[in-house]
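First comes the structure, then the notes that go with it.
Please treat every number below as a calculation from the coordinates, not as lab data. In this text, all values refer to a predicted model and were calculated from it rather than measured experimentally. Neighbour counts are summed over all protein chains in view; Cβ atoms, including those assigned to glycine, are modelled from backbone coordinates with ideal geometry.
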Amino acid sequence: MTAATRPDICEETMFEGARAILCVIDPSVHETRLVYRDGEGRPHGSVPRAVAALVAAGQTPVLAMNAGMYHANMRPVGLYVEDGAETAALTTRGGFGNFFLKPNGVFFIDADGRAGVMETEAYAQAGISPRFATQSGPMLVIDGSIHPRFLPDGTTRYIRNGVGVRADGKIVLGITRDPVSLGSFARLFLEIAECPDALFFDGAVSSLAWGAEMEIDSGEPAGPVVAVFGKAAE
């Protein structure tokens, strides 16, 4: 894949007047991981630095994007699990901001490589032992319905990104090129990506790398990063 060439798993679309990118990941063909810290235990702090570290380690991703919210010290706001090790615990508390616009939720990949998006309270009761997990909020789509607190088309618009899982188990990573409302972004996942459950990752800081090159770079920090890799042929 040449620099800045769109991977064949990603498609550009127009939805409700805004440009968007949807990438559909088949777990039988691609591996999805979460990355957060370098070999010294320091947060990468941005999508470009995370990608650069992966490339330097000989693990160039097919694509990568920010995957969850973070505190000022770059610590994940909610649950974060990488390779089975929990860095930050699940939180069910309330608070201010998009993360706490409940219901919020968790994107996870289990030990068998199956992915899911689940509302936080349901996840807490499900007894899942994930290999990877990141908590964010709000949920965009819950059991086929748009988040109940979203306006149909609110006045707050940002470039936004998120994740959904389709009924066939494929993961959909989505990001807009143009600012959109949360309501419109949720409909993108429900109506176009056909995800019965989808989770908001972030807005304004949303960034996307194709291979080693940044395709959408907000220039803002990032905590957890989701990266997709091709699987070696068996």
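Using θ = phi - 60° in the Karplus curve 6.51 cos²θ - 1.76 cosθ + 1.60, the 3J(HN,Hα) couplings for the stretch 177-187 round to 8, 10, x, 9, 7, 5, x, 5, 5, 5, 5 Hz; x is entered for Gly and Pro.
Taking the Cα centre of the chain as reference, the dipole from Cβ charges on Lys and Arg (+1) and Asp and Glu (-1) amounts to some 540 debye.
Which of the three applies to the stretch 1-78, rounded, prolate or oblate, going by the alpha-carbon gyration tensor with a ≥ b ≥ c and a/c under 1.5 meaning rounded?
The shape class here is oblate.
Among the trypsin sites (Lys or Arg not before Pro) in the stretch 67-156, those located in a DSSP loop and surrounded by at most 15 other Cβ atoms within 10 Å of their own Cβ are ARG93, ARG114, ARG149. When the charge dipole of the chain is built from unit charges on Cβ atoms (+1 for Lys and Arg, -1 for Asp and Glu) and taken about the Cα centre, the candidate among CYS195, GLY95, PHE150 whose Cα reaches farthest toward its positive end is GLY95. Note on GLU213 and ASP112: the model spin-label points, each 7 Å out from Cα along the C-beta direction, lie 4.0 nm apart. The charge dipole of the stretch 58-154, taken about its Cα centre with unit charges on the Cβ of Lys, Arg, Asp and Glu (plus for the first two, minus for the last two), comes to roughly 260 debye. Compactness of the chain was expressed as the Cα radius of gyration divided by 2.2 N^0.38 Å, which yields 0.92.
What are the chymotrypsin sites (Phe, Trp or Tyr not before Pro) within the stretch 45-98 that DSSP puts in a loop, where the Cβ has at most 10 other Cβ atoms within 10 Å? Listed in order of number, the matching sites are PHE96. Around the amide H of LEU63, modelled in the peptide plane, lie the amide H atoms of GLY211, VAL228, all under 5 Å away and 5 or more residues distant in sequence or on another chain.
Along the stretch 103-108 the Karplus relation, 6.51 cos²θ - 1.76 cosθ + 1.60 evaluated at θ = phi - 60°, assigns HN-Hα couplings of x, 9, x, 10, 9, 9 Hz to successive residues, with x for each Gly and Pro.
For ARG177, the residues whose amide H sits under 5 Å from its own are ARG19, ALA20, ILE21, ignoring neighbours fewer than 5 places away on the same chain, with H placed 1.01 Å from N. Subtracting the Cα-Cα distance of GLU11 and ARG75 from their residue separation scaled by 0.36 nm leaves 19.9 nm. Given R0 = 35 Å, the distance between the Cβ atoms of GLU31 and LEU151 translates into a calculated FRET efficiency of 0.40. Its convex hull of Cα atoms gives the stretch 153-234 a direction-averaged projected area, equal to a quarter of the hull surface, of 6.6 nm². Rounded to two decimals, the Cα-based Rg/Rh of the stretch 64-129, with Kirkwood Rh, is 0.94. 3J(HN,Hα) couplings calculated from phi for the stretch 51-61 with the Karplus curve 6.51 cos²θ - 1.76 cosθ + 1.60 (θ = phi - 60°) are, in sequence order, 5, 4, 5, 5, 4, 4, 8, x, 10, 4, x Hz; Gly and Pro show x. When PHE108, PHE229 are arranged by Cβ crowding within 10 Å, least crowded first, meaning fewest neighbours, the order is PHE229, PHE108. Site pair ALA122 and ASP143 shows an inter-label distance of 0.6 nm when each label is modelled 7 Å from Cα along Cα→Cβ.
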